[in-house]
1. When you have a sec, figure out the Kirkwood radius of the range 146-192 from all distinct Cα pair distances and drop it here in Å to one decimal?
2. For a quick check: with amide H placed at 1.01 Å from N, whose amide H comes under 5 Å from Ala128's, ignoring anything fewer than 5 positions away on the same chain?
3. Arrange the residues Met94, Met120 by how much accessible surface each exposes, largest first, with a 1.4 angstrom probe.
4. Can you give me the accessible area per residue for the chain, using a 1.4 Å probe, in Å²?
5. Could you check how much of the accessible area of the chain is carbon and sulfur, as a whole percent, using a 1.4 Å probe?
6. So what is the orientation-averaged projected area of the range 1-148, using the convex hull of its C-alpha atoms, in nm²?
7. Near the amide H of Leu53, under 5 Å away, which other amide H atoms are found, from residues 5 or more places off or on another chain, if H is placed in the peptide plane?
8. Would you mind checking the pairs Lys62/Lys104; Lys91/Lys123; Lys91/Lys121; Lys66/Lys91 and listing those with alpha carbons more than 23 angstrom apart?
Amino acid sequence: MKGSKIAKIVIIVVVLAAIILAYYYYLGHRTKRQEAEETVVATVVQSVLMRDLEHNYPPTPKEVIKYYAEITECFYNETYSDEELVQLANKIQMLYDAELVANKTQEQYLEDLREDIVGMKSKQLVVASYEVSASTDVEEFTQDGDSYARLYCTFYLRQPGNSGRVPSLERFVLRKDEDGHWKILGWELVED
């Protein structure tokens, strides 16, 4: 009798322990599943906007132009709210030299940007890809005590449904500011 009572108690304890372990396992995996479902996937625009330029500014002229090109792709390829457009415009202006930013008021800049975007979209053009000069092709020089860099970026434009791409080569000039950041001073379309 004593042996069967002990066996029953051991079986009951083992079953209860198994139920408790199964319950904790369920709770642990349910929480992970809920967290995975709650994870929001950032859009391309949101990913570009998440970059903190105050603490993570692109270190080289080439990286500045790459980030500029990413924002440009967002302008012409992505869907975004008006608030996000203003945020993108602010981000791209953080890459600009103070002299370039001073050429237009914020309102005029946004108006011109919107017109340019509408013009590209009316022609059904998107930026298919871009290609920045190799690091070895970046020309750095000094003039009047300031450091400058010159490099090229080719934007490949295409119309949806059309496999052909039209290259648009642009030459950028950057100037190093007092914080040591390369800022876009200007650019021009390079004609063949």
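1. 12.4 Å
2. For Ala128, whose amide H was placed from the backbone, the distant partners under 5 Å are Tyr156, Leu157, Arg158.
3. Met94, Met120
4. Dividing the accessible area of the chain by its residue count gives 66 Å².
5. Carbon-and-sulfur percentage of accessible area, whole number: 54.
6. Average projection, Cα convex hull of the range 1-148: 17.3 nm².
7. For Leu53, no residues qualify.
8. In this structure, Lys62/Lys104; Lys91/Lys123 exceed 23 Å between Cα atoms.
The values are calculated or read from the model by the stated rules, or taken from the named source; none is laboratory data. Computed from a prediction, not measured in an experiment: that's the story for all the values here. When we count neighbours, we look across all protein chains shown, and the Cβ atoms used for this are built from the backbone with ideal geometry, even at glycine. These area figures cover heavy atoms from the full protein model, side chains too; ligands, DNA and RNA do not enter into them. Shrake-Rupley method; radii C 1.70, N 1.55, O 1.52, S 1.80 Å.
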